[in-house]
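The numbers here are math on the coordinates, done by the rules we state, and not lab data. Owing to the predicted nature of the structure, the values given are computational and were not obtained by experimental measurement. Cβ placement follows ideal geometry from the backbone for every residue including glycine, while neighbour counts extend to all protein chains displayed.
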Amino acid sequence: RAKRRGKSRSSTFDTAMRQEALNTLRTQMQLREAIVRQQFEVYYQPIVALGSCRLTGFEALVRWNHPKRGIIGPVEFIALAEETGLIVPIGQFVLREACSQMATWRRRYADAGDVSISINLSGHQLGSPTLVTDIEQVLEDTGLAASAVKLELTESTLIDDPTTATRILGRLRDRGIKLYIDDFGTGYSSLSYLHRFAIDGLKIDKSFVDMVGRDDRKAAIVPSIVGLAHNLGMGVVAEGVETPQQARELTLLDCAEAQGYLYSRPVPRDQAAALIERRILCDGDYMR
Ligand code: C2E
Ligand code: MG
Ligand code: MG
Ligand code: MG
C-alpha cells in the first residue's frame, strides 16, 4: 500500500513538473514572438530631488503588452528572458526607445535639459560584445547626450565577470555615461568594487527604505548607506518611497533623491510627459 501511495505521489509530482516545464516553454515561445511582434513597451517612473520634489529623471521599466493577458510586469518574464538570453534584444529595445523618448522630451521642454534617463542593464547585456557600440549608435541616432544616461547594474551582475565588467564599464564611463548600483545592499556586497568600477551612485533597495524611522538596529542601515555614498562622493537614490514620513526621514538623513509610489507609479510616456510639465511632484505640505 505504502509503495503504491509513494508511486502515485511521484507520478503526481512528475505531472506537476511536466506541466511547469510546458508552461515555461510556452512563455519562452511567446516571448520570442513578442520580440518579433514588438509587444514590449517602456513605462517611466519619476525620480525626484528629496525636499523639493523636483523631477530629476525617470527610470525606464519594461512592460509586455500581451494580446490576451494585457500589460505584464517584468517580474513575470525578466528571469526567463535572462535565462534564455532574450533579455539582450528586449534590453536593446528598451535602450533605444527610452533614449529616443528622452531626447524628444529634452527638445520639447526647455527646462527638461537636466532630466536624466535610468536604464537597467542585465548581466547578459554586459557580456554582449556589441554593447558599447550599440549604445554609441543609439546616442548618435537619437542625439541624446551621454551625460543624460544612467545605467543601473546589480551587484551580482558586476561580480559575475568582474574583468569584463571593468573593461566595458570603463569604456561607457569614458563617454560620460553614469553608472549606478541597483538594489544596493541586497546582493553580494564587496565595497572594493565601488571604486574599481568607478560607480557614480547607489540606489538603496526598497527593503531597507521600509526600515527607515523604525526604532531598532535595522533603522541604522539607510543612514549608513547614505553616509557611504557621501564619503565616496557618489549620488544616492532611495527606492520604493511610499509615505510622506519616509520622505521626511530620508530628507533629514540628507539622501539626495527618491523614487516611489509617493511621487508616482511607473507610467506610460504620455503621463510621464505630464509629469515633466508639472516638474514639482509633491504638494509642499509633505515636509510639515
Ligand atoms: P528595479 O530596477 O529595482 O526597479 C524598481 C521596481 O520597484 C519597479 O518594479 C518599480 O515599479 C517598483 N517600485 C518603485 N517604487 C515602488 C514603491 O513605492 N512601492 C513598490 N511596491 N514598488 C515600487 P517593476 O517595474 O515591476 O520592475 C521590477 C524589476 O524588473 C526592476 O527592478 C528591474 O530589476 C527589472 N527590469 C525592469 N525593466 C527592465 C529592463 O528594461 N531591463 C532589465 N534588465 N531589467 C528590467
Ligand atoms: Mg532599476
Ligand atoms: Mg532597484
Ligand atoms: Mg528592485
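Counted as membrane-span-like here are DSSP H helices of the chain whose alpha-carbon atoms extend 27 Å or more along the helix's own axis and whose Kyte-Doolittle mean is 0.5 or above; there are none. Could you check the spin-label model distance between residue 280 and residue 243? Points 7 Å from the Cα along Cα→Cβ, value in nm. Those two pseudo-labels are separated by 2.6 nm. Here the chain is treated as an ellipsoid with the same Cα gyration tensor; its semi-axes, largest first and in whole Å, are 34, 25, 21. Here is the list for the range 110-193: chymotrypsin sites (Phe, Trp or Tyr not before Pro) lying in DSSP coil, each with at most 14 other C-beta atoms within 10 angstrom of its C-beta, are 188.
Pick from 141, 182, 210: which is most flexible by mean-square fluctuation in a GNM of the chain where alpha carbon atoms under 10 Å apart are linked? For the chain, modelled as a Gaussian network with Cα springs under 10 Å, the answer is 141.
Computed over the Cα atoms of the range 1-138, pair by distinct pair, the Kirkwood hydrodynamic radius stands at 17.8 angstrom.
Who wins for biggest fluctuation among 194, 25, 232 in a Gaussian network model of the chain, springs between alpha carbons below 10 Å? Maximum among the listed residues: 25.
Hey, what's the Kirkwood Rh for the range 173-232 if you take every pair of different alpha carbons, in angstrom? 12.5 Å is the Kirkwood radius here. Across all Cα atoms of the range 124-263, the radius of gyration (one decimal) and Dmax (whole number) stand at 16.1, 51 Å. Dividing the summed -39500 (n - 2.57) terms of all DSSP H runs of n ≥ 4 by the residue count of the chain sets its mean residue ellipticity at 222 nm at -15000 deg cm²/dmol. Extending 7 Å from Cα along the Cβ direction at residue 29 and again at residue 140 yields two label points whose distance is 4.0 nm. Rounded, prolate or oblate: which fits the range 188-288 when a ≥ b ≥ c are the square roots of the eigenvalues of the alpha-carbon gyration tensor, with rounded for a/c under 1.5 and prolate only if a/b beats b/c? Taking the square roots of the gyration eigenvalues as a ≥ b ≥ c, the range 188-288 is oblate. Number of Lys-Lys pairs in the chain with C-alpha atoms under 16 Å apart and a separation of 8 or more places or on different chains: 4.
With the alpha-carbon atoms of the range 133-208 aligned to their principal axes, the span from lowest to highest coordinate is 37, 28, 17 Å, starting with the largest. Dipole magnitude for the range 79-132: computed about the Cα centre from +1 point charges on Lys and Arg Cβ and -1 point charges on Asp and Glu Cβ, it is near 280 debye. Expressed per residue, the C-alpha convex hull volume of the range 22-100 stands at 104 Å³. Could you identify which residue out of 36, 88, 209 has the top mean-square fluctuation in a GNM of the chain using Cα springs shorter than 10 Å? Between 36, 88, 209, it is 36 that shows the largest mean-square fluctuation.
Averaging 1/r over each pair of different alpha-carbon atoms in the range 67-121 and inverting the result gives 13.2 Å, the Kirkwood hydrodynamic radius.
Principal axis analysis of the Cα atoms in the range 60-172 yields extents of 42, 41, 22 Å, listed in decreasing size. Report the normalised scattering of the range 100-161 as log10 I(q)/I(0) at q = 0.24 Å⁻¹, calculated by the Debye formula with identical scatterers on the alpha carbons. Here log10 of I(q) over I(0) equals -1.01.
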